[in-house]
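The values are calculated or read from the model by the stated rules, or taken from the named source; none is laboratory data. Here the structure is a predicted model, which is why all the values come from computation and not from measurement. A quick note on method: Cβ atoms are made from the backbone with ideal geometry, for glycine too, and the neighbour counts reach across all protein chains shown.
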Amino acid sequence: MSMPRHSKPLIFSQPSALAFALATALLSPSLMAAPEGPKLGHPLSQEEASSQSMNVFPDGQGLPQGKGTAIEGKDLYDARCVSCHGLKGSGGSAEELQGRSPLAGDHPDKTVGNYWPYATTLFDFIRRAMPLNAPRSLTDDQVYALTAYLLNINGIIDETKELNAKSLPEIKMPNREGFVKVWPEGGS
Amino acid sequence: MKNSVPVEQKSLEPIAGGGLLDRRLFLKQSLAMGAGAGFALSGYDATGADLPPWMRTPGEPFSNYGQPSSHEAEAIRWVSANVGAPGNGISWTPLHKLEGTITPNGLHFERHHNGVPKIDPTQHRLTLSGLVRSPLNFSVEDLLRYPMVSRTCFVECGGNSNAGWHEEPIQTPAGYFHGLVSCSEWTGVPLGTILEEAGIHPDGKWLIAEGADAATMNISIPIEKAMDDTILAFYQNGERLRPENGYPLRLILPGWEAVLNVKWLRQLEVAKEPVMARNETSKYTELQSSGKARQFTFVMEAKSLITAPSPGYRMKGAGLYQISGLAWSGRGKIKRVEVSADGGKTWAEAALQEPILSKSFTRFRLPWRWDGSPLILKSRAIDETGYQQPERSVLVNERGRNGYFHYNAIVSWAVAQDGSISHVYA
């Protein structure tokens, strides 16, 4: 398959040597204490390096070109995902994907609808890991379509809403504010 | 048994309820374990006609790689995997079958998200990208030339001991309840050496690590930990990593939950913010009873359990026994372990086996004279920060029961009159 491409410019591309030297001088001495190595790393251009990354961040950095809707995603889901995840994301042997039950109840299923804080995580995870029996076999359009379908069955977007590198990070998930970061605030 | 210094009667007085004895007893004196115990076990006369066959015929030849005795066939990992996807699951370290502090490599616990990749090291590369001065990649051969350090530490799954949240106490051997933790000596390159070669931009606060398995598993690591004591490990207990433990290279983050210790490491992308991967949002976060979830709970807090005796053992009548167990803390050294044989009413300090290493298994032991009556054994660890392992009721009261991860409550074993051991909430 073709390498994923960033659709957004890199937030850090070619800093000048001086700017970098000034910046690294700000790091505390304790962070600069690692032993010196033989420096055998092979240089890559920023473009080469970023083309190897599959990470998709909440702000959309790393999302590739492409698009998809829940209507397209439904057929794909029923063909590739339903055997483990169940009809409409429910009742399968794998994770429950659909449901909006309250998280404060007894033993709630933690689903895309009631738990996942970022829609970009769906794209990131499906593209790199799903389906288990054929990871990396989906096209970027298919990953957008499956992401749209999972958001649609959870009542988060309409079935006609097109997801792409711009619209996906704009989606606010129901449980976006549901997490308390234990690190670094005060330590765990 | 050699003749021993006569044991002062005073030192055999219990120092806490349930027959717990002074921890120094086994160190200073050899105790009479029972009249003639050492002799009664003689099975044959070494000069006579009933010699065992292994003394009459030449033994087995040399072997290229040694294996455990066939009589120790129960000291194995138990596997629990998805029937439809056998590479997605876990296997536990049989803590109840082991002694000392180092886990044999073949018994280190496993968590795989989509099987164990068979990586050809000559084709494997590690790439550093993102907010760095110069993106780099390295072959395994390159990296093996870097200065290395060795570090003994435990690796514990954030989901270890999760059956403790269950309403009813699970009845299973201790390792198959608490054995998603193992302890090894890891050898490799301090990650800071490699990061400094690439040069981290001051905006680079997180390191997104990624493995070369069929799940291409990714997760975010704070740069402070990466620069502090994180190791790019190539060796485990002296030999190159086993495939199931990350061959040819993996991360080791001493004291932090195992999912961050990425195996089969292929990429480190330096970023401003965490990637918010599936395994740091949907999983490895702890839902509280309030409906809010704890996220980025990296440190594995102090924990201990008694491994002998433990469920599956049967006491052989009243008499002198040694209680033995493990304690560890992701915050540093174990300072003290206390044992109770009366359900927590009274506690006695256990002996800690030297050397006591930071963020490592610490073995504790305590002599105990069981009088044959039913009782409840417990252990609790206190680490060098003063943190004390909580009672289960305290932990459940604070966190609720939907968190799944980071269960570290005190473990209670009930000893019955017939000598059987069961898990109880007490």
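For the subset of segment A:57-80 comprising residues that are hydrophobic (A, V, I, L, M, F, W, C) and more than 7 Å from chain B (Cβ to nearest Cβ), which member is surrounded by the fewest Cβ atoms within 10 Å (Cβ to Cβ)?
The initial filter retains those residues of segment A:57-80 that are hydrophobic (A, V, I, L, M, F, W, C), namely A:57, A:63, A:70-71, A:76, A:79.
From what is left, the residues that are more than 7 Å from chain B (Cβ to nearest Cβ) are A:63, A:70-71, A:76, A:79.
Details: A:LEU63: 27, A:ALA70: 24, A:ILE71: 15, A:LEU76: 18, A:ALA79: 10.
Result: A:ALA79.
For segment A:75-94, check the following and say yes or no: at least one residue is in contact with a His (Cβ under 7 Å, 6 or more places away or on another chain), within 17 Å of B:ARG278 (Cα to Cα) and outside any helix (DSSP H, G or I).
yes
Among the residues of segment A:129-178, write down those that are surrounded by 18 or more Cβ atoms within 10 Å (Cβ to Cβ) and in contact with a Pro (Cβ under 6 Å, 6 or more places away or on another chain).
Listed by number, the residues that qualify are A:ALA129, A:ASP140, A:MET173, A:ASN175.
All but one of (1) of a type outside the set (Ser, Thr, Tyr); (2) more than 9 Å from chain B (Cβ to nearest Cβ); (3) farther than 16 Å from A:ASN152 by Cβ hold for A:ALA119; state the number of the condition that does not hold.
All conditions pass for A:ALA119, except number (3).
Taking segment A:8-39 only, how many residues are modelled with pLDDT of 90 or more and over 19 Å from B:MET227 (Cα atoms)?
Counting residues in segment A:8-39 that are modelled with pLDDT of 90 or more and over 19 Å from B:MET227 (Cα atoms) gives 0.
Residue check: is A:HIS85 more than 30 Å from B:MET148 (Cα to Cα) and buried (at least 21 other Cβ atoms within 10 Å of the Cβ)?
yes
Residue-wise test of (1) small (Gly, Ala, Ser); (2) over 30 Å from B:TYR235 (Cα atoms); (3) at pLDDT 95 or above; (4) assigned to a strand (DSSP E or B).
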| residue | (1), (2), (3), (4) |
| --- | --- |
| B:MET1 | no, yes, no, no |
| B:LYS10 | no, yes, no, no |
| B:GLY18 | yes, yes, yes, no |
| B:ALA32 | yes, yes, no, no |
| B:ASP50 | no, yes, no, no |
| B:GLN67 | no, no, yes, no |
| B:GLY100 | yes, no, yes, no |
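Identify, please: which residue in segment B:249-263 is touching a Phe, Trp or Tyr at 6+ places or on another chain (Cβ under 7 Å) and in a loop (DSSP other than H, G, I, E, B) and is, among those, surrounded by the fewest Cβ atoms within 10 Å (Cβ to Cβ)?
That would be B:GLU257.
Counting only residues that are more than 10 Å from chain A (Cβ to nearest Cβ) and assigned to a loop (DSSP other than H, G, I, E, B), which one in segment B:206-229 is nearest to A:PRO135 (Cα to Cα)?
So the residue we want is B:ALA212.
Each row is one residue, and each column tells you yes or no for (1) at negative phi; (2) touching a helix residue (DSSP H, G or I) at 6+ places or on another chain (Cβ under 6 Å); (3) among the hydrophobic types (A, V, I, L, M, F, W, C).
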residue: B:ALA209; (1), (2), (3): yes, no, yes
residue: B:ILE223; (1), (2), (3): yes, no, yes
residue: B:TYR247; (1), (2), (3): yes, no, no
residue: B:ASN261; (1), (2), (3): yes, no, no
residue: B:VAL275; (1), (2), (3): yes, no, yes
residue: B:SER282; (1), (2), (3): yes, no, no
residue: B:ALA293; (1), (2), (3): yes, no, yes
residue: B:PHE296; (1), (2), (3): no, no, yes
residue: B:VAL299; (1), (2), (3): yes, no, yes
